[in-house]
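Report on one structure; see the data block that follows.
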Amino acid sequence: MKADNAQEPDLDAIRAFDLALVRSRQEYRKHLEQIVDRIPPKAYKVFRTENEELDLHDGYLLSLSVGDCLDESPNSMARMRFGRGPSKIEMRILNYEKDLLHNFVFKSPRKVVVDIPSAEPVWFQVGKTLGQIYTYELTAHSPQTLSAEWLLDSGGTIQIEFEKLIYNRKRVTLPLKAGRHK
């Protein structure tokens, strides 16, 4: 919020930023309303980010899997034929409080781009972590496809273009580390 390493924050710049942020959130919510029928209701609540408990900010990206046979058994893998999928992408995120596990399944993917910053990240050592979820959005890419984009606090990004989203979450209780007390 300080411009050009100034000693004092630029209050006009902060106000302009705040106004732009409010406007962009309003526009994004209008867009979500237009595609609400293409999104599972539980996922809509996550992407709308009005419910603090469901917010994924600072969440931990546990896994990102891309493939044609993600949950198939070895027996069904033997029957696979070239070009017959079904391709899908799965993403698991643990919220910051570590009590909700979010599972996203993106069916009929059209594009996936994972960009790990090539420059030295501000807060992380290169190769040590992808970082936590900073912000995310879901938009319509076309009448047939949606696009989910995730910005990580390391500066990395994940973009997934797909046809159908399946989403679920479950409450989890992680064990305490040995020697820790409540």
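No value in this document is a laboratory result; all are computed from the given coordinates. Predicted model only: the values in this text are computed from it and were never measured. In this analysis, Cβ positions are derived from the backbone assuming ideal geometry, glycine residues included, and neighbour counts consider all displayed protein chains.
With both labels modelled 7 Å from their Cα along Cα-to-Cβ, the CYS69 to PHE17 distance reads 4.9 nm. Between THR157 and ARG38, the modelled label-to-label distance comes to 1.9 nm, taking each label 7 Å out from Cα in the direction of the beta carbon. Net charge near ASN103: determine it from the other residues with C-beta under 10 Å of the C-beta of ASN103, scoring Lys and Arg +1 and Asp and Glu -1. Every neighbour counted, the sum reads +2. Between ARG110 and HIS31, the simple spin-label model (points 7 angstrom out along Cα→Cβ) gives 1.4 nm.
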